[in-house]
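Inspection log for the structure reproduced underneath, given as structure tokens.
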Amino acid sequence: MRKSCCGDTSGRYRGAAATGRHVLPLPSAPLTLVPPSRSTSSSVKPSPAASTPIPVPVAIPVLLAPLVAVPRLLLSRPPPSPQRRHGRRATTPRPGAAALPAPGAPRGRSAAPPRHGGRCGRAACCCPRLCVSAAAAGAAPAALGPPGSGSGSAARPCSGDGGGGVLRHLLLKLRATGPLTVAEYMREALTNPGQGYYTRRGGVGGDFITAPEVSQLPGEVIGLWCLSEWMAAGRPAAMQLVELGPGTGALTDDILRVFKQLASLLSKCDLSIHLVEVSPKLSETQAQMLTGGKVQSNPEDEAAYMKGISKTGIPVYWYRGIQDVPQGYSFYIAHEFLDALPIHKFQRTEKGWREVLVDIDPEAPDQLRFVLSPSSTPATENFIQPEETRDHVEVCPEAGVLIQRLASRIEKDGGAALIADYGHDGTKTDTFRGFRNHKLHDVLKAPGTADLTADVDFSYLRKMAQGKIATLGPIKQREFLKNMGVDLRMQVLLQNSRDSATREQLLHSYDMLMNPKKMGDRFHFFALLPHHRLTPPHKEHNLQSKSPLPPVAGFGELLLK
Ligand code: SAH
């Protein structure tokens, strides 16, 4: 839970020395699937004798069986190459590359950021509510004051050190056109084609760490989730796995390892991978991770800007936007993607809703400050609901458009979307924040050099689905992973680990993922599914069919508990 915007780094995991993850192998030979069992014991083992078709309701425990039965512990990934250590992830070498951090050494979580009331340097990033200046009602955009001052004139702008490219570009733009929306500012800072945070850096040195970098477990269970839904849909002949914002590609890599392990199940399925990535540097990193770097740029006759073949023989394509990804039965995975999309910010004032804008500070012409629009804007008219009770609201229209597109695709072609991120259900106010070197960073300072992020509003996503599809969640990460049988897999990994350092590392990454104070309660899973997946198409379905609709894995207690 985010206690205050400065007292907590809610969401992303920022560690001064983040955890490198162990990737443990799955059994090399495909294992026969065990028949469904209601056993909740943790000693599920694959049975070589049984190969009966799997009734869908028990898909997860059954699919887990070959996953948990790791015969021995081997570290299957090579030490990270310098390129692979780029990205928005931690930079601690993986096992095999260097010694593990000593037990008790700081990992993952960053040192405490400045608390509310400390010298944060910017009004809006410290204060749950922006303070509207007395001049807010005037004709010119009004400066926003520091927390509690009530005086816009006292707003202390952020210094423009570093990040020269984006800042210079923004200053020119601001001089030419006047204040920008926070969404325009965020888009430039993150994805400006030449100088944006993602575009330029590819993330050299981590500013934060994400779950797939911490551990192989999230990717494995997401792979199982997709397979479980694919089986529930009657095993369609073709399946696309689409990842939005894949970072270093670790999540897809883990999913592909699961698919490889369960190759016999997928033998008749035409599988392809589609990655939506705006950063050229990160797409190179992903290509290295997934294909060993064997890719072709700008393939003819393709909407993709790059394509290759995964190490496991599956075609992989890269796109700049979801609109370019071919239609068809697909699983869309967005892990810590939506929080990076640009938001608009709004403030309630005595004169009505005003949009928060970014402008040049008149007292320091190379620095930026927040101001309020002098009157309402098209965005205030369109995005604020009449029944809104909060005084400060953030809206991410790009996330809304994305959800609408996914909803149309899933309604038409089937499949599902699984969104994992930190967020709230329409209750939070000012969550816009920046991170650099695992520390909170003034969002207006040195744009392009820090990660900017805002909590995902799941209630808005639900609204944007417009009833075309069903939604499930948000459910806390630790509950989702538990429901997916992560404890079982963890037990086997521990049993098969040969040394205490590896066990220590496994326990650390498990704690990071599951501890309510770390990622466990902060991150949530949210799913989009066709209506017929949750509601029988005909009323008489339950009467006539012997097999009721199988539960959606992860979102309820399943058989492993
Ligand atoms: N999913 C990964 C990485 C999350 S970081 C993980 O959880 O580890 C966000 C990712 O989204 C990066 O790969 C970034 O380059 C990409 N990204 C950010 N904005 C984007 C946009 N507008 N379109 C496509 N990709 C974007």
Checklist line | Student exercise, the range 331-466 dipole from Lys, Arg, Asp, Glu Cβ charges, in Debye to nearest 20 | finding: 200 debye
Margin query: Need the full-extension length gain, Ala263 to Thr535, defined as separation in residues times 0.36 nm minus the C-alpha distance. One decimal, nm.
Written below: 94.9 nm
Checklist line | Kirkwood Rh in Å, taken over the range 275-422 so that all alpha-carbon pairs contribute | finding: 18.6 Å
Item checked: In Hz, Karplus ³J(HN,Hα) per residue of the range 458-475 (6.51, -1.76, 1.60; θ = phi - 60°; x = Gly, Pro) -> 5, 5, 5, 4, 4, 4, 6, 5, 6, x, 5, 9, 8, 10, 10, x, x, 10
Check: Between Lys463 and Glu557, what is the FRET efficiency for a Förster distance of 30 Å, r being their Cβ-Cβ separation, to the nearest 0.05?
Finding: 0.60
Check: What is the count of Lys pairs in the range 179-336 whose alpha carbons sit under 16 Å apart, if the two are 8 or more places apart or on different chains?
Finding: 6
Next item on the list: Taking a cut-off of 15 Å between Cα atoms, list the aspartates and glutamates near Lys351, but don't count ones fewer than 8 places away on the same chain.
Entry: Glu381, Asp391
Check: Can you list residues whose amide H is under 5 Å from Ile309's amide H, if they're 5+ apart or on another chain and H is modeled 1.01 Å from N?
Finding: Val316
Item checked: Positive-pole candidate from Leu481, Leu493, Ser459, dipole of the range 458-510, charges at beta carbon -> Ser459
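Could you give the dipole magnitude of the range 430-558 about its Cα centre, charging the beta-carbon of Lys and Arg +1 and that of Asp and Glu -1, in debye to the nearest 20?
So the magnitude is around 160 debye.
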Note to self: Can you give me the distance in nm between label points at Ala303 and Arg175, each placed 7 Å from the Cα along the Cα-to-Cβ direction?
What the structure shows: 4.1 nm
Checklist line | Leading residue at positive end of dipole, the range 293-439 (Cβ point charges), from His392, Ile360, Ile309 | finding: Ile309
Checklist line | Simple Cβ-charge dipole of the range 440-499, Lys/Arg +1 and Asp/Glu -1, about Cα centre, in debye nearest 20 | finding: 300 debye
Notebook entry, point to check: Measuring from label point to label point, each 7 Å out along Cα→Cβ, what is the Glu387 to Lys412 span in nm?
Noted result: 3.1 nm
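FYI, it's all coordinate maths here, none of it is from the lab. No experiment lies behind these values; they were computed from the predicted model shown. Positions of Cβ are generated from backbone atoms using ideal geometry, with glycine treated the same way; all protein chains shown enter the neighbour counts.
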